[in-house]
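Structure first, commentary second.
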Amino acid sequence: MIAKPIFTVCTPTYNRVKLLPRVYECLKQQTFRDFEWLIVDDGSWDQTKALVESWQIEATMPIRYIWKENGGKHSAHNLCVKEAHADLFVMVDSDDWMVPNALEVMLEEWRSIPNQQNYSGVCCLFQYPDGAVVGDRFPRDRMDSNAIDLRYNLNVWGDKMGLIRMDILRQFPFPDDLGRHLIPESLVWNRISQAYHMRCINRIAGVKEYQSDGLTNFAALHSFHNPTANYLLRLELLNGRVPIRFPKAARVAISLAKCCVMAKKSPFAVKPWIYRWMTVGALPMGAVLAMRDAFQAKRARAATPAPGQRKDGVRIV
């Protein structure tokens, strides 16, 4: 029987054959070697499969490749979690890569936590290719927090990289009933934050290079096409057990009012009365913001190729 690896490093991908070699090279350089690389291909039509097969022949690490019909990154993430063999999970997007000691640093920190049952994982920093830190550092070099408190109460913004327990990810999958348009990743991370702590350290684990055709640059378009997911995200923030301080709570209420308009949802699902009436009072502003988002989405669509056409190596479906 093959021993179970410590880590599953998962990479969802879609027509990123030109970028995947960077991920492969960073994994070959990892100082900690007990991991598998699981690539979930979300319906690519480029040469991704052939490239990965060539790596499987030469690599000293186990590489698994799964192709699926295109269903969006959230569906690829769910399949990653379902098929992973390890107990610890690290997501490395196809346009990111890890520094050589990333797995070693994260595992060392994880093993230093005495009561791991109360923790979801370890969170580290990203840097840009020029060495600048992506977003904000944590207020302290080592601290325990969660995604909600960091963003809404401590004003720590920007993408982060880390490890997370596989059993928790299987407990909190991305919803599969919200369509194929992008579901905000924070919907899942916030749900986990309601139940678990996270160890945060000011150590660089990954390098991020945003792509012109990436999901970040088309956030307005995806948000417009999936208002229900964004409604759930904000509703759960206001209804959750992790409190959000004013004025961030007011901003979430305004954003929720916009989502109520776009998704045709009731603001009265908000449980705390003060947040409920903040949301109701923000409905006129929410209508204006919904019109603004519709305009931005229209502009984004105009800059996006029609289905089947290519843009920087990516076919839009």
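For the chain, relative contact order (Cα pairs under 8 Å, six or more residues apart, normalised by length) works out to 17 percent.
Rounded to the nearest 5, what is the percent of antiparallel bridges among the DSSP beta bridges in the chain? Spell out each step's value before the answer.
Numbers: 18 of 40 bridges.
Once the DSSP bridges in the chain are tallied, antiparallel ones form about 45 percent.
Using 19 Å as the Cα-Cα cut-off, could you pick out the over-long pairs in Lys160/Lys271; Lys68/Lys208; Lys82/Lys208; Lys73/Lys208; Lys18/Lys298; Lys49/Lys208? Flagged as over cut-off: Lys160/Lys271; Lys68/Lys208; Lys82/Lys208; Lys18/Lys298; Lys49/Lys208. Let a ≥ b ≥ c be the square roots of the eigenvalues of the Cα gyration tensor of the stretch 217-305; is it rounded (a/c under 1.5), or, if not, prolate (a/b larger than b/c) or oblate? Cα axes put the stretch 217-305 in the prolate bin.
Rounded if a/c is under 1.5, else prolate if a/b beats b/c, else oblate: with a ≥ b ≥ c from the C-alpha gyration tensor eigenvalues square-rooted, which is the stretch 19-92?
oblate
Fewest first, what order do Leu237, Leu283 take by the number of other Cβ atoms within 10 Å? Present the calculation step by step, with values, prior to reporting the outcome.
Numbers: Leu237 26, Leu283 15.
Listed from fewest to most nearby Cβ atoms, that is Leu283, Leu237.
Report, to the nearest 10°, how far helix 227-239 tilts away from the longest principal axis of the Cα atoms in the chain, using its own Cα long axis and a range of 0 to 90°. Taking Cα atoms only, the helix is inclined about 80 degrees.
Does the stretch 101-184 come out rounded, prolate or oblate by the C-alpha gyration tensor, with a ≥ b ≥ c the root eigenvalues, rounded set by a/c under 1.5 and, if not, prolate when a/b is larger than b/c and oblate if not?
Details: a/c = 1.58, a/b = 1.16, b/c = 1.37.
Note, shape of the stretch 101-184 comes out oblate.
Cross-link partners of Lys4 among aspartates and glutamates, defined as those whose alpha carbon lies under 20 angstrom from its own and excluding same-chain residues fewer than eight positions apart: Asp34, Glu36, Glu83, Asp87, Glu104, Glu108, Asp167. So what is the 222 nm mean residue ellipticity for the chain from helices alone, if each DSSP H run of at least 4 adds -39500 (n - 2.57) and you divide by all residues, rounding to the nearest 500 deg cm²/dmol? Rounded to the nearest 500, it is -11500 deg cm²/dmol. Where does helix 73-83 land angle-wise versus the long Cα axis of the chain, in degrees 0 to 90, nearest 10? Long axis of 73-83 versus the principal axis of the chain: about 50 degrees. Positive contributions from Lys and Arg (+1) and negative ones from Asp and Glu (-1), summed over other residues with Cβ under 12 Å from the Cβ of Ile39, come out at -2.
Bear in mind that the values in this text are calculations on the coordinates, not laboratory data. Everything numeric here is computed off the predicted structure, so don't read it as measured data. FYI the Cβ positions are ideal-geometry reconstructions off the backbone, even for glycines, and counts take in every protein chain you see.
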